[in-house]
Amino acid sequence: MIKNISVIGDGGWGTTLAIILYRKGYKVNLWGAFDDYVGYLKKKRVNAKFLSGVKIPEGILITNSLKEAVIGADLIILAVPSQYLRSVLIKLKIYNTPGKIFLSVVKGIETATLKRMSEVVYDVLGKVSLAVLSGPTIAHEVARGIPTTVVVASRDPKLAKDLQDVLITDRFRVYTNRDVVGVELGGSLKNVIAIACGISDGLRFGTNTKAAILARGLAEMARLGVVLGAEAKTFSGISGLGDLVTTCISPFSRNRFVGEQIGRGRELKDVLEEMEMIAEGVPTAKSTHFLSQKHKVEMPIFTETYKVLYKNKSPNKAVRDLMSRKRKSEF
C-alpha cells in the first residue's frame with residue numbers, strides 16, 4: 001500500500017507530480033538540491049524558476065535533506081537531470097531500505113556509460129522495485145489540469161498496474177507497458193530530434209521540413225531502439241511519437257528552443273548559460289552518437305545534430321549533407 005511519496009527533484013516536472021499526488025490525498029515530500037532555492041520554495045510556495053504561477057500546497061513538505069525526504073516513503077520518484085542521477089542515487093543509497101518502490105521520470109542517457117536511467121538505478125541501488133514514466137508532459141500544462149496521457153513501464157506488470165492506480169486522475173491518464181527499454185529511449189531520443197526541429201525553425205524553414213525531421217527522426221529512433229532491445233511499436237505510441245510531437249512543436253520545449261537559437265546563429269554555450277532549466281537533448285545527442293557508432297546503426301539526423309552541437313558544423317551545411325545523401329527506399 002503506497003501512502004507516503006517522496007519526489008527527488010524540485011524542477012518543473014518533479015514539482016508538478018508532487019502537486020498531483022498531494023491533491024489525490026497522498027503524503028508528499030519534495031526534495032531540492034540547493035539550500036537557498038529550497039528556502040525560497042518554503043517561503044513563497046511557488047516554483048518561480050520552473051513552474052511559475054502554480055501554488056505548491058502547504059501540506060507538501062519541501063526539504064533539502066535526503067534523509068528527511070525518503071525515510072518513511074513507500075514510493076520514491078526520481079526527477080533529477082539525467083547526468084546528475086547517479087550522484088544523487090549514491091547519496092540516497094544510505095537511506096534506502098527494503099520494500100521501497102522507485103519510479104524514474106528522468107529522460108536521458110548517461111554520457112559516461114551510455115546507460116538508460118533504469119540501468120543507472122540498478123547499478124547504484126541493486127535490483128530494487130522499479131518502473132519508469134514517460135510521455136508528452138509539458139509541466140505547465142499538466143499542473144494546470146490540461147488533459148495529458150503518459151505511460152508507466154515495468155518488467156513487473158503488477159507494479160506498473162499499481163503505479164497506474166497511484167498516478168491516474170481524470171486529467172492525467174496513465175497507460176501501462178512492459179517495454180521499459182522502448183519507453184525510456186523514446187523519452188530520451190526525442191529531445192535530440194526536437195533540437196533538430198528547433199534548428200529548422202531558426203533557419204526559417206517550413207512545416208514540410210519539420211514533418212520530414214519528425215518522420216525520419218522517428219524512424220532513426222526506432223532503428224536504434226530495436227537494436228538495443230526495444231519493441232518497434234513502442235515508438236509509435238505515447239512515449240515515442242506522442243512525446244516527439246509535443247517536444248518538437250511546443251513553445252515551452254527547452255530542446256526546441258536550444259535548436260532554434262543555434263539555427264539563428266548563436267553559440268551553444270551562450271544559449272545554455274542563459275537557461276535556468278537543462279536541455280536534456282544536448283548531452284543525449286552525444287550519448288546517442290556514441291551508441292549509434294557502437295552498434296553500427298545509421299542515424300543521419302542524429303549524426304548531423306551532434307556535429308552541429310559538438311563539432312561546430314554549420315546548420316546549413318548539415319541540411320545540405322542530409323538532403324544530398326545517397327538515394328534509397330523509404331522502408
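Bear in mind that the values in this text are calculations on the coordinates, not laboratory data. Keep in mind that this is a model prediction, so the values were computed, not measured. We place every Cβ from the backbone using ideal geometry, glycine too, and count neighbours over all the protein chains shown.
Odds and ends about this structure:
- Of all residues in segment 206-239, those that are in contact (Cβ under 8 Å) with a residue 40 or more places away in the chain, under 24 Å from Gly263 (Cα atoms) and either in contact with a Ser or Thr (Cβ under 7 Å, 6 or more places away or on another chain) or not in a helix (DSSP H, G or I) (or both) total 1.
- Subset of segment 123-147 (residues that are surrounded by fewer than 20 Cβ atoms within 10 Å (Cβ to Cβ) and either among the β-branched types (Val, Ile, Thr) or on the phi > 0 side of the Ramachandran plot (or both)): Val124, Gly126, Val128, Ile138, Gly145, Ile146
- For segment 118-156, the set of residues classified as assigned to a loop (DSSP other than H, G, I, E, B), within 27 Å of Val46 (Cβ to Cβ) and not aliphatic (A, V, I, L, M) consists of Gly135, Pro136, Thr137, Arg144, Gly145, Pro147, listed by residue number.
- Output for segment 154-200, where each listed residue is aromatic (Phe, Trp, Tyr) and either under 23 Å from Leu228 (Cα atoms) or without any contact (Cβ under 8 Å) to a residue 24 or more places away in the chain (or both): Tyr175
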